[in-house]
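Student: Dropping the structure in here first, questions after.
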Amino acid sequence: MSEIIIIGVSGGSGSGKTTFVSRLQELLGNDLCSILGQDSYYIDQSHRFDEDGGSVNFDHPSALEFSLMGEHLQDLKKGNSIQVPIYDFATHTRSEEFIHFEPNRIVFVDGILIFSQPQVFENLDHKIFVDCPEDLRFSRRLKRDTVERGRTPEGVEAQFYKQVKPMHDQFVEPTKETACDVVNVENFDERLEHWLKLISKHL
Ligand SMILES: Nc1ncnc2c1ncn2[C@@H]1O[C@H](COP(=O)(O)OP(=O)(O)OP(=O)(O)O)[C@@H](O)[C@H]1O
Ligand SMILES: [Mg+2]
């Protein structure tokens with residue numbers, strides 16, 4: 001069997017990780033690559049959740065089951081399929097069901113904290129960091145959470161400065177220098193082209 005390449009794409013919330021990975025997937029083809037998202041590994045928080053979510057820090061590594069994510073990456077590397085948990089953001093509950101995830105030639109791992117967790121980053125073949133200024137990340141997140149997640153602008157702003165920003169500064173930003181490539185709005189298309197070529201060479 002051909003080797004499976006696992007590529008981690010990290011960066012702050014709203015930096016453009018999913019956009020970058022989705023573009024690559026689109027260009028390479030869905031049958032060759034799949035995306036594993038960090039968010040699937042949230043630990044069930046339904047028991048401690050209060051209405052505004054303030055009691056849970058969803059940006060801290062302790063909110064996620066990175067040990068399971070690491071095991072899953074090892075399984076994929078061996079060519080085995082995995083059962084990915086399903087996390088419901090509305091109720092903060094992990095479903096009883098799973099998504100059956102088949103190993104693909106290229107597996108992208110998308111998440112804000114993946115470069116800060118040894119169980120995860122030790123299983124990555126390449127690390128790409130998507131860099132984006134804080135004010136732009138904030139305005140994108142404000143739009144997403146109010147439009148798609150029914151949150152109030154005040155709530156989104158409070159969460160950003162209480163949790164998102166401090167956790168970003170502590171756990172996300174320092175991992176930029178561990179990445180083999182840094183993508184930003186200016187070099188986005190050029191780096192996309194670069195990775196497309198590099199990945200295609202290995203197929
Ligand atoms: N290079 C870019 N140029 C213009 N807009 C962009 C670019 N990259 C991302 N965006 C826009 O910014 C928003 C956030 O991007 P995206 O969802 O990819 O971020 P993310 O890093 O995956 O965020 P999250 O951590 O919240 O999942 C989207 O509306 C997207 O269209
Ligand atoms: Mg995303």
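Student: Taking only Cα atoms, what is the 0 to 90° angle, nearest 10, from helix 66-77's long axis to the longest principal axis of the chain?
Tutor: With rounding to tens, the tilt is 20 degrees.
Student: Tell me which trypsin sites (Lys or Arg not before Pro) from region 1-98 have a DSSP coil assignment and no more than 12 other beta carbons within 10 Å of their own.
Tutor: Lys78
Student: Which sequence of Asp125, Asp135, Asp145 reflects their accessible areas, 1.4 Å probe, from the largest down?
Tutor: Order by accessible area, largest first: Asp135, Asp125, Asp145.
Student: So, one more: Under a GNM of the chain (C-alpha, springs under 10 Å), which listed residue has the highest mean-square fluctuation: Gln45, Gln74, Gln83?
Tutor: Between Gln45, Gln74, Gln83, it is Gln83 that shows the largest mean-square fluctuation.
Student: Provide, for region 15-202, the number of lysine pairs with alpha carbons under 27 Å apart, each pair being eight or more places apart or on different chains.
Tutor: 27
Student: With springs only between Cα atoms under 10 Å, which of Glu71, Glu157, Glu190 fluctuates most in a Gaussian network model of the chain?
Tutor: Glu190
Student: Among bridges DSSP assigns within the chain, what percent are antiparallel (round to 5)?
Tutor: 30
Student: Then there's this: May I ask for log10 I(q)/I(0) of region 1-85 at q = 0.19, 0.23, 0.26 Å⁻¹, from a Debye sum over the Cα atoms as equal point scatterers with solvent left out?
Tutor: Taking Cα atoms of region 1-85 as identical point scatterers yields -1.02, -1.26, -1.38.
Student: Taking the Cα centre of each part, how many Å lie between region 87-143 and region 1-39?
Tutor: 9
Student: Moving on to the next point. Could you tell me which of rounded, prolate or oblate describes region 69-152, using a ≥ b ≥ c as the square roots of the eigenvalues of the alpha-carbon gyration tensor, with rounded for a/c under 1.5 and, failing that, prolate when a/b is larger than b/c and oblate otherwise?
Tutor: oblate
Student: For the chain, modelled as a Gaussian network with Cα springs under 10 Å, which listed residue fluctuates most, Asn187, Asn80, Asn104?
Tutor: Comparing Asn187, Asn80, Asn104 in the GNM, the peak value goes to Asn187.
Student: Give the angle, between 0 and 90 degrees and rounded to the nearest 10, that separates the Cα long axis of helix 134-147 from the longest principal axis of the Cα atoms of the chain.
Tutor: In the chain, helix 134-147 runs at an angle near 70 degrees to the longest axis.
Student: Tell me the mean residue ellipticity at 222 nm calculated for the chain from its helices only (DSSP H runs of n ≥ 4, each -39500 (n - 2.57), averaged over every residue, nearest 500).
Tutor: -9500 deg cm²/dmol
Student: Provide the per residue accessible area, probe 1.4 Å, for region 15-202, rounded to a whole number of square angstrom.
Tutor: Using a 1.4 Å probe on heavy atoms only, each residue of region 15-202 averages 52 Å².
Student: Give the carbon-plus-sulfur fraction of the accessible surface of the chain in %, rounded to a whole number; probe 1.4 Å, heavy atoms of protein chains only.
Tutor: Taking all protein chains in place, the chain shows 50 percent carbon and sulfur surface.
Student: What dipole magnitude, in Debye to the nearest 20, does region 15-202 give about its Cα centre under +1 on Lys/Arg Cβ and -1 on Asp/Glu Cβ?
Tutor: Magnitude of the dipole: close to 340 debye.
Student: Direction-averaged shadow area of the convex hull around the Cα atoms of region 15-202, nm²?
Tutor: If I average the Cα hull's projected area over directions, I get 10.8 nm².
Student: Could you check the spin-label model distance between Glu134 and Thr93? Points 7 Å from the Cα along Cα→Cβ, value in nm.
Tutor: Result: 3.7 nm between the two label points.
Student: Put Ile112, Ile99, Ile7 in order of accessible area, largest first, 1.4 Å probe: what do you get?
Tutor: The most accessible residue leads, giving Ile99, Ile112, Ile7.
The values are calculated or read from the model by the stated rules, or taken from the named source; none is laboratory data. Computed from a predicted structure; not experimentally measured. No Cβ is skipped: glycine too gets one built from the backbone with ideal geometry, and neighbour counts run over all protein chains shown. Accessible surface is based on the protein model in full, side chains and every heavy atom, while ligands, DNA and RNA are left aside. Shrake-Rupley method; radii C 1.70, N 1.55, O 1.52, S 1.80 Å.
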